[in-house]
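Down below is the structure, laid out as structure tokens.
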Amino acid sequence: MANTSYSYTFDQHLNNILTSLAHRLEAAKAANNVQLIKLLEREKAEVTAPIATQRATVTWQALIQSFFNRSAQPIHRFENGSDRWWYTIDPRTGREVCADSEAELRLWIQQHSK
């Protein structure tokens, strides 16, 4: 059975988080739960703002590293509370590839760098 986390991209993961958050926010609004609405809006700001900044930084770092060191593919760790995963940029597609562990991602890199 193939491990789907190899092809699970950062964008898909973020989209799933935001979809869930939108659903929870809609339910809180329907229940007129002002406190929960404020918490969920703060969660949305925390989830989206750092990611945009981090993605730009990571892309820039990856560009610099690939220019100076073409043999090493950078691996980055993302944490948001208890949510944690590792990701890299697939040099062939330019898309982010995520995995549940660094070891799993390194194995993906080895298998796809041939």
Fewest to most Cβ atoms within 10 Å: THR48, THR19 sort as THR19, THR48
Length released on extending from ARG92 to SER113, taking residue separation times 0.36 nm less the Cα-Cα span: 6.6 nm
The answer for the net charge of residues other than VAL34 whose Cβ lies under 14 angstrom from its Cβ, with Lys and Arg +1 and Asp and Glu -1, is +2
What is the sum of charges around GLU104, taking Lys and Arg as +1, Asp and Glu as -1, for the other residues whose C-beta is under 15 Å from the C-beta of GLU104? -1
Cβ density ranking, 10 Å radius, fewest first, applied to GLU79, GLU104 yields GLU79, GLU104
Can you list the HN-Hα couplings for the stretch 29-42, worked out from phi with the Karplus curve (6.51, -1.76, 1.60; θ = phi - 60°), rounded to whole Hz and with x for Gly and Pro? 5, 5, 8, 6, 8, 4, 5, 5, 4, 4, 5, 5, 5, 5
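Only the coordinates and a few stated rules stand behind these numbers; no lab work does. All of these numbers come straight from a predicted model, not from anything done at the bench. In this analysis, Cβ positions are derived from the backbone assuming ideal geometry, glycine residues included, and neighbour counts consider all displayed protein chains.
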